[in-house]
Amino acid sequence: MGVAGVTVEPREGYLDVTIELGEVPAGLSERARTLIGAFPAEHGIHRLRIDVRNRQWAAMVIEIATALRGPTPHDPATPPQN
């Protein structure tokens with residue numbers, strides 16, 4: 001995925017994704033925040049282990065990873081820099 005704190009391991013028929021968060025990124029959906037809350041922080045780090053087997057899980061992983069990545073120069077949501 002190319003995002004710091006996100007590890008993706010292919011498995012047979014699904015992906016095993018680990019996301020490490022020091023804090024909950026702003027702007028996440030309630031579902032994504034609830035998912036993060038299901039993994040209590042240890043020493044200030046939430047370590048999410050997610051088996052991505054369908055679109056719903058994939059969408060939440062993408063949402064969290066995108067929030068961690070932050071805006072990029074090629075992101076259409078990124079305002080132009082003057």
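The values are calculated or read from the model by the stated rules, or taken from the named source; none is laboratory data. Quick caveat: nothing in here was measured; it's all calculated off a predicted structure. Every residue, glycine as well, gets a Cβ built from its backbone with ideal geometry; the counts of neighbours run over all protein chains shown. For accessibility, only protein heavy atoms count, side chains too; no ligands or nucleic acids. Shrake-Rupley method; radii C 1.70, N 1.55, O 1.52, S 1.80 Å.
Let me confirm something: among Glu12, Glu30, Glu20, Glu42, which residue is within 13 Å of Ala65 (Cα to Cα) and of a type in the set (D, E, K, R)? Walk me through how you get there before you give the answer.
Values: Glu12 fails: within 13 Å of Ala65 (Cα to Cα); Glu30 fails: within 13 Å of Ala65 (Cα to Cα); Glu42 fails: within 13 Å of Ala65 (Cα to Cα).
Answer to the selection: Glu20.
Just for region 33-73: of the residues that are part of a loop (DSSP other than H, G, I, E, B) and open to solvent by 60 Å² or more (accessible area, probe 1.4 Å), which one is nearest to Thr7 (Cα to Cα)?
As a first pass, look at region 33-73 and keep what is part of a loop (DSSP other than H, G, I, E, B): 38-41, 43-44, 53-54, 70-73.
Add one more test, that the residue is open to solvent by 60 Å² or more (accessible area, probe 1.4 Å), and what stays is 38, 40, 43, 53-54, 71, 73.
Numbers: Ala38: 19, Pro40: 19, His43: 20, Arg53: 16, Asn54: 18, Pro71: 20, Pro73: 23 Å.
Checked region 33-73; the qualifying residue nearest to Thr7 (Cα to Cα) is Arg53.
Looking at region 21-32, which of its residues are surrounded by 14 or more Cβ atoms within 10 Å (Cβ to Cβ) and either at pLDDT 95 or above or in contact with a strand residue (DSSP E or B) (Cβ under 8 Å, 6 or more places away or on another chain) (or both)?
Result: Leu21, Val24, Leu28, Ala32.
What's the total number of residues in region 8-31 that are more than 14 Å from Trp57 (Cβ to Cβ) and free of Cβ contacts under 8 Å to residues at least 12 places away in the same chain? Show your work before the answer.
Initially, region 8-31 is screened for residues more than 14 Å from Trp57 (Cβ to Cβ), giving 9-10, 12, 20-28, 30.
Filter once more, keeping what is free of Cβ contacts under 8 Å to residues at least 12 places away in the same chain: 9-10, 12, 23, 30.
Qualifying residue count, region 8-31: 5.
Could you tell me which residue of region 45-57 is farthest from Ala67 (Cα to Cα), considering only residues that are basic (Lys, Arg) and touching a residue at least 24 places away in the same chain (Cβ under 8 Å)?
First, pick out the residues of region 45-57 that are basic (Lys, Arg): 47, 49, 53, 55.
Adding the requirement that they be touching a residue at least 24 places away in the same chain (Cβ under 8 Å) leaves 47, 49, 53.
Values: Arg47: 16, Arg49: 17, Arg53: 21 Å.
Filtering region 45-57 for residues that are basic (Lys, Arg) and touching a residue at least 24 places away in the same chain (Cβ under 8 Å), the one farthest from Ala67 (Cα to Cα) comes out as Arg53.
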